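Take a look at the structure below.
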Amino acid sequence: MRIPIRSSALAGLAIAAGLVTAALNTESVYGQPPVPDKAKDWTYVGQGQCKVCHNGPKEGAQWDKWHNALHAHALELLETDAAKEAAVKAGLTTPPAESPECLKCHVTGYDPVAKAAPAKITPADGVQCESCHGPASEHLKDAKVLKFTPAKISEIDILAHQLVPTEETCRGCHNDSSPTWKADRYTLENGEKVGFDFKQAWAKIAHDHPEGVMEDKYGGKYPVD
Ligand code: HEC
Ligand code: HEC
Ligand code: HEC
Ligand code: HEC
């Protein structure tokens, strides 16, 4: 994982424009999956939207990488015998795939109080892009204004409305309030066993931009450090 120069430059612009608080819109609290700040008007759009712009091989094929990994199957997992067993142990009387106690970490943006997923979220998509990057409605507006004209990147801060997740984002779900938490799932270099190790876990789902110049399908080119 790295902090792209491009992002830091844009972060500078964001500070100048006073947009940093907007970028911190969604926060995760230890023990709770990331929840959007209701005071802001970002809304979930669904992962299908992201594939159009974030799946080119030269950009790092983020969509394919997500789709081929475990987060995309987080809801299906709740149909398994292992899940049913975990639910019984947790004292649930409803099937895990219908229980808010499980869905809150296995479905993007699921609200356990309202007992519902956000309007445009398909629960079967499991833990998708917006679980970590935040609701993307404003990012989509920015991206459409850009129309993939590199010159406009300096005018519009595409990062202002999208989160760059950190270890804390992961720990909102990867923590000991998960009924299948294993305190020894990961082994550190010094031999110590831990339930979650950001470095190793990120390596399993990494989807950075490749080095060099990123080209989108409309012919726009973006410098990547
Ligand atoms: C209309 C095209 C378009 C769509 C649709 C789109 N994006 Fe983007 N996105 C961009 C462009 C252009 C950038 C800036 C260049 C880059 O970093 O890829 C960007 C940047 C990002 C970044 C920051 C990457 C960085 O540089 O650190 C994230 C995260 C992101 N998008 C997530 C999403 C998610 C999640 C969705 C779907 C909900 C989505 N995008 C949909 C065009 C789009
Ligand atoms: C706090 C968030 C959270 C809650 C609540 C949660 N899960 Fe999970 N679940 C996870 C995470 C994260 C993983 C991935 C394994 C890991 O790293 O802990 C997971 C993995 C699993 C697995 C795979 C077991 C494994 O060892 O990989 C099963 C089965 C499962 N969950 C069932 C359930 C059931 C059933 C419920 C409700 C009773 C539930 N989960 C509630 C976060 C959660
Ligand atoms: C909204 C909740 C949520 C967030 C946020 C989340 N995860 Fe997960 N994660 C899960 C669930 C649920 C599973 C189990 C999915 C399955 O096995 O199908 C899982 C599984 C995984 C696995 C496979 C199990 C393992 O530990 O080997 C990895 C790796 C992983 N997550 C890494 C991450 C990283 C890195 C982040 C942060 C950048 C993150 N996750 C953020 C819910 C989440
Ligand atoms: C489990 C959490 C998680 C999920 C799900 C996830 N991402 Fe990411 N994504 C991250 C993290 C962490 C980074 C690294 C941020 C950094 O570079 O500091 C990242 C980086 C990115 C980047 C920037 C890459 C770069 O090198 O600048 C883009 C673009 C992106 N993600 C798009 C997506 C899209 C599109 C999806 C869904 C198809 C998605 N992500 C799903 C956690 C996630």
Given a 1.4 Å probe and the protein chains all in place, what does the accessible area of V45 round to, in Å² to the nearest 10? 30 Å²
Kirkwood Rh and Cα Rg combined as Rg/Rh, segment 53-130: 1.07
Compute the distance in nm between two label points, each set 7 Å from the Cα along the Cα-to-Cβ direction, one at D64 and one at E101. 4.1 nm
Using a 7 Å offset from the Cα along the Cα-to-Cβ direction at both K40 and A114, what is the distance between the two label points in nm, to one decimal? 1.7 nm
Stretch D208-E76 to full length: gain in nm at 0.36 nm per residue minus the Cα-Cα span? 44.9 nm
List the residues, sorted by chain then number, that are 5 or more residues from V35 or on another chain and whose placed amide H is less than 5 Å from its amide H. E27, V29
For segment 188-195, take each phi angle, set θ = phi - 60°, evaluate the Karplus expression 6.51 cos²θ - 1.76 cosθ + 1.60, and give the result in whole Hz per residue in order, putting x for glycine and proline. 6, 4, 7, x, 5, 9, 9, x
Simple label model, 7 Å out from Cα along Cβ direction - T122 to Q32, nm: 2.9 nm
Beyond 18 Å (Cα-Cα) in this structure, taken from K65/K204; K58/K141; K40/K141, we find K58/K141
Burial order of peptide ranges 161-172, 90-101, 178-189 (average beta-carbon count within 10 Å, highest first): 161-172, 90-101, 178-189
Name the long-range amide H neighbours of G126: under 5 Å, sequence gap of 5 or more, or other chain; modelled H, no Pro or chain starts. L75, T108
Note: E167 to T180 extended length (0.36 nm per residue) minus current alpha-carbon separation gives 2.7 nm
Under a 5 Å amide H to amide H cut-off, with H placed in plane at 1.01 Å, what residues pair with R185 once short-range neighbours are removed? V194, G195
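The values are calculated or read from the model by the stated rules, or taken from the named source; none is laboratory data. On a predicted model such as this, the values are computed, not experimentally measured, just so you know. Ideal geometry is used to build each Cβ from the backbone, glycine not excepted, and the neighbour counts take in all protein chains shown. In case anyone asks, the SASA skips ligands and DNA or RNA and just uses the protein heavy atoms, side chains included. Shrake-Rupley method; radii C 1.70, N 1.55, O 1.52, S 1.80 Å.
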